Structure formats: structure tokens, C-alpha cells
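Report on one structure; see the data block that follows.
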Amino acid sequence: MSNKPRVLSGIQPTGESMQLGNYLGAVQNWVQMQDGYDAYYCVVDLHAITLEPPEPEALRQRTRIVAAQLLAAGLDPDRCALFVQSHLPEHPQLSWVLECLTGFGEASRMTQFKDKSTRAGADRQGVGLFTYPILQAADILLYQADQVPIGEDQRQHLELTRNLAQRFNARYGDTFVVPEAFIPKAAAKILDLQDPTAKMSKSRPDAGTIYLSDPASVITRKIKRAVTDTDGEVRYDPEGKPGLSNLLAIHAALTGASVEAVAKEFSGQGYGALKGAVAEAVVAFAEPFAARSQELLDDPAELDRILARGAERARAVASVTVADAYAKVGFLPAAVG
Ligand code: ATP
Ligand code: LTN
């Protein structure tokens, strides 16, 4: 067993591709953290049926697509456990116990639940959307994760996770590591290109979202049409100039530069020059990424083997945590024999 700190994170198999915000806000850090950490990464398919459930065949395909894209982004199955949430019954097993420790009001305060249920119409929503953050807490606590690389929109869910870990530990004795959010600086919230008051998301209109499977011409068009402002000055100012600052953040996150350095490089040039450079940087990443993803998808048997191996490694950790938590709660152990 490794004595490195643990990292766990998850991504939903919603949509036909990851969007740029997923990569810059979260997945880029997943890739980097494979080295210093004992790393567990999960395609959270149980979470993907909390809104309008997809067609079964589409869900299977999307799960493979996200897995292939994570590998194309740089996850290495020899250096991390990449697995599918539904392959481990331990996730809902722990989730149930945590649900019983969560206050109704506490769950009601989750802003993502409020946003998503408002968008879909509250009375059409299943209970799963409400309990979703508690399942997320189980995903994290099962692996005793020290760090959870996520975008800004997940901060509140991580806070709930920490509270549940502390509550369980206080009631039943030390059981769970209390995890910390690992949120990048400039790329924590990549904004919608058409509406820079909202985060880029798979569930928003296409024109403002860059899918990593978009062809080069589509990526370039979306960036050239990104909403900015009219004062013409290139300056990093997320409050006053959200659209322009978003473009600077995208460029910085892809090239490894700071937003200030990018702003300096383009100051005095028009927005057109910056947009051209951002489009070039995104295309330079997305083109080889899409080709590699497709190669991996062309061999679904190998992909499934990688996921089976990941699930096996995940189970070795998750089953120990569930057994410990269930014993502490007082569930009678099943007798052997
Ligand atoms: P949906 O739009 O369907 O709600 P999503 O695009 O937000 O999905 P998730 O699978 O829910 O994607 O998120 C995966 C990871 O990507 C999370 O850590 C999340 O915080 C991060 N993320 C998502 N959108 C952005 C964004 N616009 N900027 C930065 N990080 C993001
Ligand atoms: N709720 C997250 C996805 C998610 C997750 C996790 C992220 C589910 N389980 C565990 C980090 C750790 C979302 O909507 N982006």
C-alpha cells in the first residue's frame, strides 16, 4: 500500500464529450497529481441519471467516451486507478449511511441543486438530484482522499463532504480523512463564451461551450464570436471584464503562463489578436486529443479491461472503508460459513 497522499475526483458522463472547462478546471490537475499522489479517478455514471435519464445505450457510450478522453488527456492506467462508479456497490452503500447523517435543510442549501432543479422544474425532479451531493461525499470518503481536484462550482459539495466526515468521526470515532478541495487559480471557473456570467457547461447552449471533440473550424468560430466588451483594453479584470478575462484565463491555463503575463503580452493589441491566439492554443490541444480519444474508442475491449483493472484497485480500498464504517455504525456483520 502506498504512503503517498491520496487524491480522488469524479466526472459525469453527460454529453458526447468533455468541455474545455472540465479539462482546465479539473482534469488537467488530475493528470499532474498522478505523480505525487496515490490517485483514484471515477466516471460517475450514477450521478448522470439524476437529471433527465439518458437512453441506456447513450449512457454506456458516454461512459466509454469520458474514459477514453481522460486517458487521452494524460491519465495513465499504470499510475492511477481509473474506474466507473456503478462498478462498485460500495458507493451507494456508504452513501446511505451519510444520507442518514445529513440534515434536510443542509441538503436544501446546495446551490447546484437549487440551480438544476429550477432549470428543470422542481416538481419534475427526482429525489436523486437532491441526494446527489451525499453520493459525491461517499465517492470521496470511501478512498480516504486527502485532496479533491475540482472546479469552483464544486466547492460547496466539498464543504458538505468535510462536514459529514467530521460528523461521522465525532459520533462513531475516527474513520474518515477530512479531505481538502484542490481548486486551480485562474481556471477554477471557465465561463460560457456567449454568457460570461455563467460557467461553461455541457448543459448550456452549444455556442458558448467548447467541446473537446469540436473540429478546429468550430472551435475557432466559437472563440472569435466570444462576447467581450467594447473598451478595447486587454487587462485581467474578472469583475469588470469577465469575457475578456475568461479568454486570458483559457490561454494562460493551456500554455502554463500566468494570466498577468498573457495580459501583458497582448496589451496594446486588439481583441482580435488575442482571440486568434486563444483559438490557436485550444486547437493545438484539442486536435491531437480528439485523435487519441478516437483511437482508444476504436478498441472498446481494451478500454473495458482498463476500467476493470481500475475497479479492482478501487475495490481494494473502498471495501475496507465500508466494512469499517458499517461495523462502527453497528450493523451486524454477516457470518461466514
Ligand atoms: P454539467 O454541465 O452536465 O453539469 P459539467 O460540465 O459541469 O457538467 P461535471 O462532470 O459535472 O461537468 O464536472 C467535472 C469537473 O469539471 C468538476 O470538477 C467541475 O467542477 C469541473 N468544471 C465543470 N465546468 C467547469 C468550468 N466551467 N470551469 C472550471 N471547472 C469546471
Ligand atoms: N458533483 C460533481 C461530480 C462528482 C465528483 C465526485 C467530483 C461526483 N462525485 C467526487 C469530485 C469528487 C460535478 O457535478 N461536477
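Please treat every number below as a calculation from the coordinates, not as lab data. Worth saying up front: this structure is predicted, and the values here are computed from it rather than measured. Neighbour counts are summed over all protein chains in view; Cβ atoms, including those assigned to glycine, are modelled from backbone coordinates with ideal geometry.
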Legend entry - Filter on Lys202/Lys222; Lys116/Lys185; Lys199/Lys275 - keep pairs with C-alpha separation over 22 Å: Lys116/Lys185
Legend entry - Calculated Rg and Dmax of the chain using C-alpha coordinates, Å: 20.7, 77
Inset, instruction - Once you have all Cα-Cα distances for the stretch 13-146, histogram them in 10 Å bins from zero and send the whole-percent values. - result: 11, 37, 39, 13, 1
Inset, instruction - Figure the gain on full extension for Ala334 and Ser2 (residue separation times 0.36 nm, minus the Cα-Cα span) and round it to one decimal in nm. - result: 116.6 nm
Legend entry - Kirkwood-based shape ratio for the stretch 1-89, expressed as Rg/Rh from alpha carbons: 0.98
Legend entry - Principal axis dimensions, the stretch 187-238 - Cα atoms, whole angstrom, descending: 31, 23, 17
Inset, instruction - Run through all the Cα pairs of the stretch 123-179 and give the fraction in each 5 Å bin from 0, expressed as whole percent. - result: 4, 19, 27, 23, 14, 8, 4, 1
Legend entry - Mean projection area, nm², convex hull over Cα of the stretch 68-170: 8.0
Inset, instruction - Could you check the simple spin-label distance between Glu239 and Gln269, using points 7 Å along Cα→Cβ, in nm with one decimal? - result: 2.9
Legend entry - Glu55/Glu302 FRET efficiency (R0 22 Å; Cβ-Cβ; nearest 0.05): 0.35
Inset, instruction - Determine the relative contact order of the chain: mean sequence separation of Cα pairs under 8 Å and six or more apart, normalised by residue count, in whole percent. - result: 22
Inset, instruction - State the antiparallel share, in %, of DSSP beta bridges confined to the chain, rounding to the nearest 5. - result: 10
Inset, instruction - Using only alpha carbon positions, build the gyration tensor of the stretch 43-120, then give the equivalent ellipsoid semi-axes as the square roots of 5 times its eigenvalues, largest first, whole angstrom. - result: 27, 18, 13
Legend entry - Reciprocal of mean inverse Cα separation for the stretch 254-337 (Kirkwood radius, Å): 18.3
Legend entry - Cα-Cα separations in the stretch 78-232 greater than 26 Å, expressed as whole percent: 41
Inset, instruction - Using a cut-off of under 13 Å, list every residue of the stretch 52-96 whose amide N is near the label point 7 Å from the Cα of Gln294 along the Cα-to-beta-carbon line. - result: none
Inset, instruction - Compute the signed sum of charges (Lys and Arg +1, Asp and Glu -1) over the other residues within less than 12 Å, Cβ to Cβ, of Glu52. - result: +2
